[in-house]
Every structure is written in structure tokens, then in C-alpha cells.
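Report on one structure; see the data block that follows.
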Amino acid sequence: MNDLMKITFSLLLILIAGNSKAETEKIKFGKVSMEELEMKVYEQDTSAVAVILYDSGASYFETEAKNDDTDFVCKFERHVRIKILKPEGFDFATFKIPIYHGENGEEKTSSIKGRTYNLDGKILIDKLEKNSIFKEKTTPSWNRIKFTMPNIKVGSVIEIKYQISSPFYQNFRAWQFQYSIPVVYSKYNTRIPSYFNYQITTKGYYPIKKLDETSRPENFLIRYRDNSTGNVDSKVHQYTLTPNSNVNEYYAENIPSFKKESYMLAEENYFSCIEFELQSYKYDYGVLHNFTSTWEDVQDKLIKSDDFGGVLKKDGFIKDILPELIADAKSEEEKTSLIFQAVQNNIKWNEKYRLFCDKNLRTIWKEKSGSSAEINLLLVAMLRMAGIQTNPVVLSTRQNGIIHPSHPTITQMNYVIACAKIGDKIYLMDATDPYCPIGILPFRCLNDKGRLITETNSEWINLETNKGSKCAIVSTLNLTEEGTLKGKVTEAFYDYEGVDIRKTISNNTDGYTEKLKSDYEDWNISEIEYKNLEDKNKPLKISYSTEIENLVNMEGERIYLNPILKNKTQENPFKLEQREYPVNFGYPITVNYLLILELPANYTIEEQPKSSKITLPDNGGEYIYQINQSANKVMIKYSFNTGKSQYLPSEYDYLKEFYNYVITKENQILVLKKVEPTAIK
């Protein structure tokens, strides 16, 4: 029996027995086996840099005293054990525990214990010291406890155990079963009194199992001081609450690591996990506290917030600056464009993703810097003052996760953009990016849907763009008998491709010219010309002369040439045998390529790629390859189009084969043969 089989078998024996007796048996903290320490590789995934051997969590309610009063608190416990298999797995020895704080209290961590186990003839133990545990502020409402386990080596086993006490019932801890490393076993026990009503949601693609729900009686001692009479000697009362609690255990076994692949949204969208959202709570004979929210509630809170809807009303200073900005505008479209450019060019984004403003709009205009909320709410206010129907759109960026339409909460969103309506046209705008024109949102914003917030209601708005990434290359070249290609190349970049190239150039054409020459040393590029560099609403065009060497193979009387000189698909970005989550490009991708090649006078085509076409189902895209000859000129062109921005897992095989076909086609060779001059017609 190999090491993996030993550890897996022993773990499963313990865990199966533990499941049959609920919490009576489990892996104990500090009891690490020799099999775990001697383990060299996780054979179910030999590429794994680390493996979670055991991950156990529990959430339940208790009462805690604060002065003479007691109240419910939610307790969360975790015990996790991890095996480090490769140096790349050292990152999993650093832990970051998020803790929330608000006006009514804060979450607290306690009983943090950590140990690192190494085998050097005997088991060596290094304990986590208190002075290695740090508290960091991450957002205005969140801190995190951070620490790194000591003496980490390849072969180390680490384990930690800690507890969180939370006065916020709405922060009942979610549990993540799947990670970027495999997990042998993971379980989560919950014990929720009947007073609390949570909506429970499972996410991800790996199945989560659940034991039969049970019920157990509880006894909660409640104490409070009656100050209704104003008497300093008021009495402390106490009584006992005796609800039943619903007891559940969720678990999963042999969970594969989450494999990140090209073109996907935030990994958190796909990890298998379970989440709890507080709907309401009510004690015996008490008042019902309803936490069920609607999108109307979200809209109302945003509009009434001093840091969102409130800042839009403090716009008096705009009256002083607006007339000069739009003096030359002859239409609402021109007004919109001038105001957008004024904000975009004058206010620098501080790279903070915010839903609410930290400063008022007057200060933002004066200081010339702000967050995403401050810049785009300023844009909304200025457009409104100019008479343009404009409202904010709240959204979640790609790395923040997709908004769940059935869970209306403000906490899902982390970003604001502007939406103007002129006639029957909708214009989405984000002035944080100096390279994006109106109608082109930064890539980070392309995340399904956002919520349009008006003074009286809200509605969904599609963030998917009808514009994509488009590149067009036209080359007119002469091929000499010596194998040199001479001529002119023009590249045009549209929409998102134009944004990306403008960012690369970054107003430094000399630097970009040098980079272009160094990246294509054999091309001998000269006479470079840039067009529409400053006009973001037009395609950016770069033209240059070239004399290309070393791209042609000469063998006797034959010349071998791959006619796809630029923008060739080098490798397939999709390598998994199957994919369980969508492919998301963010936008459609189009590449058009044309080469007009003049052949040497005494050469003719002996062999050439065949013209062909491949189409993806349901208008998912196409690739067309064409080759034609006229006299001593040959024209090679291809058109690549993904068709849409997202593909479902059921379409993955088609998309993967589509790329394989493109790669094969773009590696085919054009063969020219030297002939006697009299043989050429």
C-alpha cells in the first residue's frame, strides 16, 4: 500500500466513523500521523503543490454578557490541516481571516492556534507565536487577521485552529469546500435556533453532500437591567429561552483542485461553497426583524445615503464651471462628450473600487483625484446639470464576483458607472480610464449586469457590449529572389483593441516605435506613421515600411513561406479535457488579415493552403481562410471572429476544436518553385 493509499484509507476510516456519530469522533488538533508527514505526492493530482487533508468548520449561536445585558452572538470555528508538497505551496502557509466591524460592534477572533510539523528522524513541532499574528485594515468596514506559519519546508504539515465571535447575525459564515489545491475531506456543521431564518445557497460545480437534518433543544440564558424607572438601583432580570435548533452537516470528499484556465471570471464564482443570508429573526413573543431585502430597498438606501444619492444634490459648484465646458456644444451628444472628456482628462482615478463617496464632489473637482464612485457620480451630476438624463449604475467588477439577482444586497456591488439616455439611445460611461471613449467600459466592468439607480426605481442593465476587440492588418509586400519581403504594412485597432494599444503607447510614440522595432528585429521597420492616436472614437492606425529578412526558407529552387506574418494564433488557450464553467472573453474578438504578395518574376506556386471555412454552432463564430492568385500576385486573407463574449460549458469542445483548426490552418506553408522564364505565361 503506497503512502497516498495509507493516508486516504486511514482518513476515510476516521471520517466515516465520525460522520456516523456526528461530532463524537474527528481528527484531533496536534495528532499528526507519520503517513501524513511521509507523504511525498498526492497521487490523485500529482501536480498539486499542496493538499488540504482535513478542513472542519462549525457555526452556532451562544449568548454573551455585555455589562448587565446579554445578547446572541454567532460563533464560528475552523480546524484545517494542510500538507505542503512543493515550494509553490508555501503560499498556503499564510492565512488571512476577514473580520467585520460596524457601529454596533465588531467581530473578534480568539483561540488562534497553529503548528508546523516536520520530519527529521523525529517529529519536530514549531508553534505559531502571538507576535506573528497581525491585524490589518482592508476596507472601512473590514479588517483581517494575518499570519504565516513558521519553519515551512517541502514536506511540512501545518494546521491551524481558531474561533470568531460575531454580534452580526447577518454575517453567518459561508463555507468554501473547493480551493486551487485538492481537498481530501471538508465538512461544515451548523446549528441554527428556530428564531433565525436564513436562505441557504450552494454554489459551484462540485457536489456538496448533506446529512439528514436533526433538531436539538437549546437553553439560552438572557440577562438585562430594567432602567425604565430611572432608578440607579434597578434590578437585573434574567430568563431562559428554549428554542429548538436545526442541526446540519454538509461535507464533500476528494474534491479536485479548481483549475484556472484562460478567459474566465473571478474564481470565486465557481468554487463549490455554501452561503447563508439572513432573512429574518424573531424571539419568543418578540417583534419580527425582517432582513429580507428587495432591489427597491437597495435603490432606496442608495438614494437616501449621504455618500451616494446625497452627493448628487450638492452640485451648486457645477453651475460655475459648466457653461465654459459646453459653450461650443450644438447637441446633447456634444454636451455629453465634452463633459465626459472634462471629467476623464481632469480627474485621476486613485484605483480605489468604491460604491460610496469618501469626499464631496466639489473636493474631488478641486483635488483632481477620486475613487470610481467619486469620479462617476461627479460625471452624473454634471450631465444632469447640463440637462442630460443621466443616472448611476452600480455593479460588481469581474474580480469581485457576479451579482446574484435573487439576493438583493448592497454588499454585492463595489463600483459605479454613469448611464446617459439621449433619445432612444443608451450610453454607458466610466471616466476613470483615460483611454476609454463613451460606450466602451473598462474591461473590469464587463461582468454580466448592473443595476440602474434612479430617484424612484431601479432596473437591470446589460453590461455586455456590442463592441468588441477588433484588429485589421493589411500588408502589401514584394518577395525578392533572395527571400526578402519588402513593402508596406497598415494595422488598424478598433474599440477594445484600440484601448489596449493606446495604453501600450501611453502617449509615447517614440518609445512604442523602439519597442516595435526591437520586437521585430528582422522586419527592419521604418517610416512609422500614427493616425487617430488622440481621437479615441476612431480606430488607431499604425503604418510602416518594412524589409523582412529570415522569414523565408530557401532550399534549392524552392521558397517556403508561411503567409501569416503577424497575429498568428500560436497555441490553444483551452487545454482541459472538459470544462465545467463558462468561457468568458468579455467581448467578441475579431481579427482580419490580408496579405497581397507579389512573387518574383521567375517563380510560380507549387503548393498552397486550401481555402476553407469553419463555423461554430449557434452563430458562435467563424474562421475563413482564403487564397487567390492573379498573374504574379497572390492574396491570402483570413477572418477570425468569436461571435460572442461567453460560451457555455456545453460549447467548450466546439470552441477548443475551433482553435485547434485555426492553429493548424495558420501553420500551413506556401511553396514557390523556380521555373524557366519561357514557362511563365
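The values are calculated or read from the model by the stated rules, or taken from the named source; none is laboratory data. The model shown is predicted, which means the values in this text are computed figures rather than measured ones. Note that we place each Cβ from the backbone using ideal geometry, even for glycine, and neighbour counts take in every protein chain shown.
Mind counting the residues in segment 631-641 that are modelled with pLDDT under 95 and either of a type in the set (Lys, Arg) or over 19 Å from Ile564 (Cα atoms) (or both)? It would help to see each step written out before you state the result.
Going residue by residue through segment 631-641, those that are modelled with pLDDT under 95 are 631-633.
Then keep just the ones that are either of a type in the set (Lys, Arg) or over 19 Å from Ile564 (Cα atoms) (or both); that gives 631, 633.
Total satisfying the criteria: 2.
Ile255 meets the conditions (1) closer than 28 Å to Val394 by Cα; (2) out of contact with any Gly (no Cβ under 9 Å at 6 or more places or on another chain) in every case but one. The failed one is (1).
For the criterion of being more than 18 Å from Phe76 (Cα to Cα), assigned by TED's automatic domain parsing to the domain that holds Ser280 and either of a type outside the set (Lys, Arg) or buried (at least 17 other Cβ atoms within 10 Å of the Cβ) (or both), Thr202 passes. For Gly586, the conditions (1) assigned to a loop (DSSP other than H, G, I, E, B); (2) under 21 Å from Glu497 (Cα atoms); (3) touching a strand residue (DSSP E or B) at 6+ places or on another chain (Cβ under 8 Å) are fulfilled apart from (3).
Filter segment 289-304 for residues that are assigned to a helix (DSSP H, G or I) and not basic (Lys, Arg); which is surrounded by the fewest Cβ atoms within 10 Å (Cβ to Cβ)? The selected residue is Glu296. The sole residue among Ile636, Ile624, Ile614, Ile589 that is β-branched (Val, Ile, Thr), over 34 Å from the mean Cα position of the chain (by Cα) and closer than 15 Å to Val662 by Cβ is Ile636. Taken over segment 527-564, the criterion of being without any contact (Cβ under 8 Å) to a residue 12 or more places away in the chain and either closer than 25 Å to Gly498 by Cα or within 35 Å of the chain's Cα centre (by Cα) (or both) is satisfied by Asn532, Glu534, Asp535, Lys538.
Checked against (1) surrounded by fewer than 17 Cβ atoms within 10 Å (Cβ to Cβ); (2) in contact (Cβ under 8 Å) with a residue 12 or more places away in the chain, Asp212 passes all but condition (2). Residues satisfying the criterion are present in segment 334-346 (criterion: in contact with a strand residue (DSSP E or B) (Cβ under 7 Å, 6 or more places away or on another chain), crowded, with 20+ Cβ neighbours inside 10 Å, hydrophobic (A, V, I, L, M, F, W, C) and farther than 18 Å from Val311 by Cα). Among the residues that make up segment 533-547, is at least one of them surrounded by fewer than 17 Cβ atoms within 10 Å (Cβ to Cβ), in contact with a Pro (Cβ under 7 Å, 6 or more places away or on another chain) and farther than 30 Å from Ile402 by Cα? Checked segment 533-547: no residue is surrounded by fewer than 17 Cβ atoms within 10 Å (Cβ to Cβ), in contact with a Pro (Cβ under 7 Å, 6 or more places away or on another chain) and farther than 30 Å from Ile402 by Cα.
If a residue has to be closer than 17 Å to Pro442 by Cβ and without any contact (Cβ under 8 Å) to a residue 40 or more places away in the chain to count, how many in segment 338-373 make the cut? Give the derivation first.
At the first step, the residues of segment 338-373 found to be closer than 17 Å to Pro442 by Cβ are 340-341, 343-345, 347-355, 370-373.
Retained after the next criterion (residues that are without any contact (Cβ under 8 Å) to a residue 40 or more places away in the chain): 341, 348, 350-352, 370-371.
The number of residues fulfilling the criteria is 7.
Thr465 satisfies every condition listed in (1) modelled with pLDDT of 95 or more; (2) of a type outside the set (Lys, Arg); (3) in contact with an Asp or Glu (Cβ under 9 Å, 6 or more places away or on another chain); (4) in a loop (DSSP other than H, G, I, E, B) except (1). Here Tyr661, Tyr652, Tyr638 are screened, and the one residue that is in contact with a strand residue (DSSP E or B) (Cβ under 8 Å, 6 or more places away or on another chain), part of a strand (DSSP E or B) and in contact (Cβ under 8 Å) with a residue 40 or more places away in the chain is Tyr638.
Any idea which of Phe258, Phe276, Phe271, Phe340 is assigned by TED's automatic domain parsing to the domain that holds Tyr185, over 29 Å from Asn197 (Cβ atoms) and not charged (D, E, K, R)? Talk me through it step by step, then tell me what you get.
Values: Phe276 fails: over 29 Å from Asn197 (Cβ atoms); Phe271 fails: over 29 Å from Asn197 (Cβ atoms); Phe340 fails: assigned by TED's automatic domain parsing to the domain that holds Tyr185.
From the options Phe258, Phe276, Phe271, Phe340, the qualifying one is Phe258.
In segment 529-564, which residues are of a type outside the set (Asp, Glu), closer than 24 Å to Glu598 by Cα and in a loop (DSSP other than H, G, I, E, B)? Within segment 529-564, Asn550, Leu551, Gly556, Asn562, Pro563, Ile564 meet the criteria. The single residue among Glu106, Glu88 that is at pLDDT 95 or above, more than 25 Å from Asn219 (Cβ to Cβ), surrounded by fewer than 19 Cβ atoms within 10 Å (Cβ to Cβ) and under 32 Å from the mean Cα position of the chain (by Cα) turns out to be Glu88. Restricting Glu606, Glu598, Glu577, Glu571 to those that are modelled with pLDDT under 95 and either at positive phi or over 34 Å from the mean Cα position of the chain (by Cα) (or both) reduces the list to Glu606. Would you say Ile112 is touching a Ser or Thr at 6+ places or on another chain (Cβ under 7 Å) and surrounded by 15 or more Cβ atoms within 10 Å (Cβ to Cβ)? No, not satisfied. Would you mind stating whether Gly286 is assigned to a loop (DSSP other than H, G, I, E, B), assigned by TED's automatic domain parsing to the domain that holds Phe172 and at negative phi? So Gly286 passes the test.
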